[in-house]
Amino acid sequence: MVSQPYDDGVAVDPAGAPPVVRSRNFWQDVARRLSRDPVTLVCLTILVLILVIALLAPFIAPADPFKTSMVNRLKPPGTPGYLLGTDELGRDLLSRLIYGGRLSLFMGFTPVLVATLIGGGLGILAGFAGGWVNTAIMRTMDVFYAFPSVLLAVAISGALGGGVFNGLLSLTLVFIPSIARVSESVTIQVRTQDFVEAARATGAYPYQILVSHVLKNVTGPIFVYASSLISVSIVIASGLSFLGLGVSPPQAEWGLMLSNLRQSVYVAPINSILPGVMIFVTSLCFNLTSDGFRSAMNVKG
């Protein structure tokens, strides 16, 4: 009798024979679950579209984002030659939004990536080594928890001064402790599993256990948590620019654009809220995509 495969990876014999479980690759299972999640797919498509448009800004932007024209300032959306209108200096708002996406996404991805490498490494080391190593690392991380993330980022940026580099540095320092704590927690959970104890019993060296068993099982939860911080990074970076502690003029960045247009909210309300809409949509899509990956990878919150 020939078995009939089903979508769940189990082959069932029509005559009633016991089911045969077919092994699947982990990432194939993740892709299969994601394909059944329309919300995550839509949000992921929007994010890819925003990223592609931002990367191709020099070829897509209809005008020079830095060219000013006081005659054409605060033109409403739909004005001939200005699809989304102009800003307070007469610059094409659509071009500014496209170019602003490059810097906003860069400020969102880079701190999280660097913080994941540093904080993830420290957390895994603390969780795997335990003892005084864990105490030294995690008590140092706990010092940063005395301050809210936004307040800490503002304080660091204020002390260092504005600019892209200082903004990236402040955001990275803010995210390292939280990623380290998550990494340490999942590493301790994996370290106490039976397969790790079995590897120790066979005489495997600690670095072999770390590379072959621990890292493979902790990267998923760390990745999911780090992806949820990208939206937070974009919002905080925009907030720093809004306060004058991040990107400086005349660079195009959504938070800075929102700050410059806030005084025109009563004169040109639609123009003023467009950068905020982009921040909201991008952050929301990152959050929903992260939730989708968490569900697809079976990572508990």
(message) Just to confirm, what accessible area per residue do you get for the chain at 1.4 Å probe, in whole Å²?
(response) 53 Å²
(message) Using the Cα centre of the range 46-190 as the reference point, and only Cβ charges (+1 on K/R, -1 on D/E), how large is the resulting charge dipole? Debye, rounded to the nearest 20.
(response) 200 debye
(request) For the chain, give the percent of accessible area contributed by carbon and sulfur heavy atoms, probe 1.4 Å, rounded to a whole number. (result) 68 percent
(message) Can you order the peptides 59-65, 130-136, 152-158, 174-180 by their average number of other Cβ atoms within 10 Å per residue, highest first?
(response) 174-180, 152-158, 59-65, 130-136
(message) Please report the accessible area of R102 (heavy atoms, 1.4 Å probe, ligands and nucleic acids excluded) in Å², nearest 10.
(response) 100 Å²
(message) Using only the alpha-carbon atoms, what does the range 192-232 span along each of its principal axes? Please give whole angstrom values in decreasing order.
(response) 44, 17, 10
(request) Output the peptides 250-260, 106-116, 69-79, 195-205 sorted from most to least packed, where packing is the average of other Cβ atoms within 10 Å over each peptide's residues. (result) 250-260, 106-116, 69-79, 195-205
(message) With the cut-off at 1.5 for a/c, could you classify the chain from its C-alpha gyration tensor as rounded, prolate or oblate?
(response) oblate
(request) Would you give the gap between the C-alpha center of the range 236-297 and the C-alpha center of the range 130-168, rounded to a whole Å? (result) 23 Å
(request) Return the calculated 222 nm mean residue ellipticity for the chain, to the nearest 500 deg cm²/dmol, obtained by summing -39500 (n - 2.57) across DSSP H runs with n ≥ 4 and dividing by the residue count. (result) -22000 deg cm²/dmol
(message) Using Cα-Cα distances under 8 Å and only pairs 6 or more residues apart, what relative contact order does the chain have, in percent?
(response) 22 percent
(request) Scan around Y82 for amide H atoms under 5 Å from its own, H built in the peptide plane at 1.01 Å from N, and keep only partners 5 or more places away or cross-chain. (result) none
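The values are calculated or read from the model by the stated rules, or taken from the named source; none is laboratory data. Values in this document were obtained by computation on a predicted structure and should not be read as measured data. All Cβ positions, glycine included, derive from the backbone under ideal geometry; neighbour counts span all protein chains shown. The protein model used for the area step is the full one, side chains on, heavy atoms only, and it has no ligands, DNA or RNA in it. Shrake-Rupley method; radii C 1.70, N 1.55, O 1.52, S 1.80 Å.
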